[in-house]
Amino acid sequence: MPKMEREKIVEEIKNIIADGLSIDSSTLSLGSFLVTDLRADSLDIMDFMFQIQEKFNINLQKEDFHFLKKLNMPQEQAVIDGFLSEAAISALRHWLPQLPASVKLRPVDLGQYLSLESLVIIVEENLS
């Protein structure tokens with residue numbers, strides 16, 4: 001597939017999410033969190049992934065969403081005393097741009113920061 005403009009990817013993903021959740025796509029922004037803002041559950045997210053694969057002709061793997069494993073960082077540097085290190089949080093912002101800086105985060109907390117922009121980034125990576 002030829003390189004697609006980011007705006008086109010954003011619009012397509014907005015439409016997929018809006019259709020899946022029966023909401024108006026104009027209410028969505030890059031910063032919309034799938035779980036906390038939009039109340040998407042795991043089945044909704046799986047459906048989004050299927051629709052994204054079909055729309056963009058890409059093959060998404062569960063590893064695409066294991067952000068902590070994608071870090072080029074030893075586990076003991078990424079997680080200290082059960083919480084993500086500052087270095088890990090900084091690196092994770094590549095896929096989860098809205099991660100807060102001033103909050104102690106556990107690895108299990110990462111899912112709530114999956115946003116529309118996260119999906120756009122994953123699609124861009126798979127298209128490149």
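In this structure, does K104 turn out to be touching a strand residue (DSSP E or B) at 6+ places or on another chain (Cβ under 6 Å) and either modelled with pLDDT of 90 or more or not in a helix (DSSP H, G or I) (or both)?
So K104 fits the description; yes.
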Can you go through Q98, Q112 and tell me which one is within 18 Å of M46 (Cβ to Cβ) and at pLDDT 90 or above? Q112
Collect the residues in segment 109-119 that are surrounded by fewer than 20 Cβ atoms within 10 Å (Cβ to Cβ), of a type outside the set (D, E) and over 11 Å from F67 (Cα atoms), keeping them in residue-number order. Q112
Would you list the helices (runs of 4 or more DSSP H) that sit entirely within segment 1-92 and hold 3 or more residues that are touching a residue at least 40 places away in the same chain (Cβ under 8 Å)? 6-21, 42-56
Which one of the conditions (1) within 25 Å of P100 (Cβ to Cβ); (2) of a type in the set (A, V, I, L, M); (3) out of contact with any helix residue (DSSP H, G or I) (no Cβ under 6 Å at 6 or more places or on another chain) does L43 fail to meet, given that it meets all the rest? (1)
Of the listed residues (L28, L71, L38), the one being buried (at least 16 other Cβ atoms within 10 Å of the Cβ), modelled with pLDDT under 95 and more than 12 Å from the chain's Cα centre (by Cα) is L71
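The values are calculated or read from the model by the stated rules, or taken from the named source; none is laboratory data. Small disclaimer: the values here were computed from a predicted structure and weren't measured. Glycine also receives a Cβ, built like all others from the backbone with ideal geometry; neighbour counts cover every protein chain displayed.
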